[in-house]
1. Testing the spin-label approximation: label points 7 Å from Cα along Cα→Cβ at A227 and W183. State their distance in nm.
2. Could you work out the relative contact order of segment 222-407, using alpha carbon pairs under 8 angstrom and six or more residues apart, expressed as a whole percent?
3. Check A326: other-chain or 5+ apart residues with amide H under 5 Å from its amide H, H built from backbone geometry?
4. Give me S3, S134 ranked fewest to most by other Cβ atoms within 10 Å of their Cβ, as a rough exposure proxy.
5. Let me have the relative contact order for the chain, percent, based on Cα pairs under 8 Å that are six or more residues apart.
6. Using θ = phi - 60° and the Karplus curve 6.51 cos²θ - 1.76 cosθ + 1.60, what whole-Hz ³J(HN,Hα) does each residue of segment 101-110 get, with Gly and Pro shown as x?
7. Can you list the residues, at least 5 places off or on another chain, whose amide H is less than 5 Å from the amide H of I278, using H built in the peptide plane?
8. Positive end of the charge dipole of segment 116-163 (Lys, Arg +1 and Asp, Glu -1 on Cβ, about the Cα centre): tell me which of A136, A116, F156 has its Cα farthest that way.
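Laboratory data are not the source of any read-out in this text; all were calculated from the coordinates shown. Here the structure is a predicted model, which means the values were calculated and not measured. Heads up, the Cβs are rebuilt from the backbone with ideal geometry, glycines too, and the neighbour counts pull from every protein chain shown.
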Amino acid sequence: MPSCLIISYGYPPSSSPAAVRMSRLVRGLGERGWTPAVLTVGKAAMVRSRGLDDPLAGEPDRVLRYDDPLAAVAANASENTADSRRKGLGGMLKAFAKGLLFPDRTVLWAMRLRAAHSEPLVAKAQVILSTSPSLASHIAAYRIARKTGAAWVAEFRDPVSWLPEKDETGPVRRRLLARLERWIVGRADATVTMSDTFTEYFKGLYPDAEIRAVPNGSDFDPDAIQAKMKAREARLAAADPDTPLILLHAGALYGGAREPGPIIQAAKKAALQTTRPIRLKFIGSDSYLAAEEASRLDATDIVEAVPALDHAATVRETEQADAVLAMLHRDPVGRVSIMSKFFDYIATGTPILVVGERCATLSKIVEQEGAGAAREYDDVEGMTQWIVRLEREPQTMSYDAVAASGNWSADRMAERMSLVFQHVLGR
């Protein structure tokens, strides 16, 4: 059986987007005849959103963990408040890591992987897959591949050369990160992105590189999705007038690159036209940003900020929501990326409102497949009317979207990655 090594900072029991993707890939690759091993961080760094099952739990020796010396950064910055970002040891460590460590704070963890090439599981891997963020995992993969002779596949879940303007990254650091991106793509045997649009963008920058799209995927059961849709329709029809109409956003706001203000304004206006009260629920490590914006807009009565939950709990919240929000970065990143939670949204059959450019990849998919609607950030009135219709004419995901879900399954994701692995081995 061919063997592969996955280098990822995110891995179960963490239920971060990276951990969810990697756990599904490990399971799917194993089902396709690969023998996967994993290099990841020690469990001490996983201070938030635990609870994801490890597909290699029965073979714990196939998961090699290296402690992160800066795990305290995550531990001290895990509190869901604005002050936790600015005060105390956690705030100082976070500022130090962000300002001085390159390419990111995980570089010290990646440096500890230097000795991993001597591990038997690592030495015999025929293909190495590294995923970013963190970018440092690519540097570790390059070093290990040079020592072992393995083929190297570098995965980018976001383009580094299109950092959000609100990322607080200075111009010098941006240029250095863009150069590192070019260095990685130029040296990897293949580069993997999250969408066809993202792939085309990369091909424009790096025309000589081997670049392929392997979108995220969820565990889809069309019959279960339809059952959830019918249950939601029945719940909406029988809802008591005092029961809140819940719109849920799950995931980070990335320091405001995903702007909560417009949807809060729309919900506030919609609340004047609906019978049922409206609640916007933001779940994530920086959901306090939504609470701060709600306070500024005098809309605290309709916004609920919840700290990050584990993956299973977030899925349950999604299933109970009347609609879910997919808020895109208000910059070029939003045009090409497909957020990982979109696939879990589809799996629950919950209608989706995309807030972002109508030309963005995710906006087009949601509208073309009948999974919901898309509205520009500046179209507050359009968002308002969609929310109002959510009560008066309950919005449901179309059955066409359910039929198309097989294209976004975890099984299909693993199949695509397996083909990439086979390609680089055959070069």
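1. About 5.2 nm, to one decimal.
2. Numbers: 342 pairs, mean separation 45.9, N = 186.
Reported relative contact order: 25 percent.
3. L353, V354, V355
4. Ascending Cβ contact count within 10 Å gives the list S3, S134.
5. Dividing the mean separation by the residue count of the chain yields 16 percent.
6. Rounded to whole hertz, the list is 7, 10, x, 7, 5, 7, 4, 5, 5, 5.
7. Hits under the 5 Å cutoff: L245.
8. Selected residue: A116.
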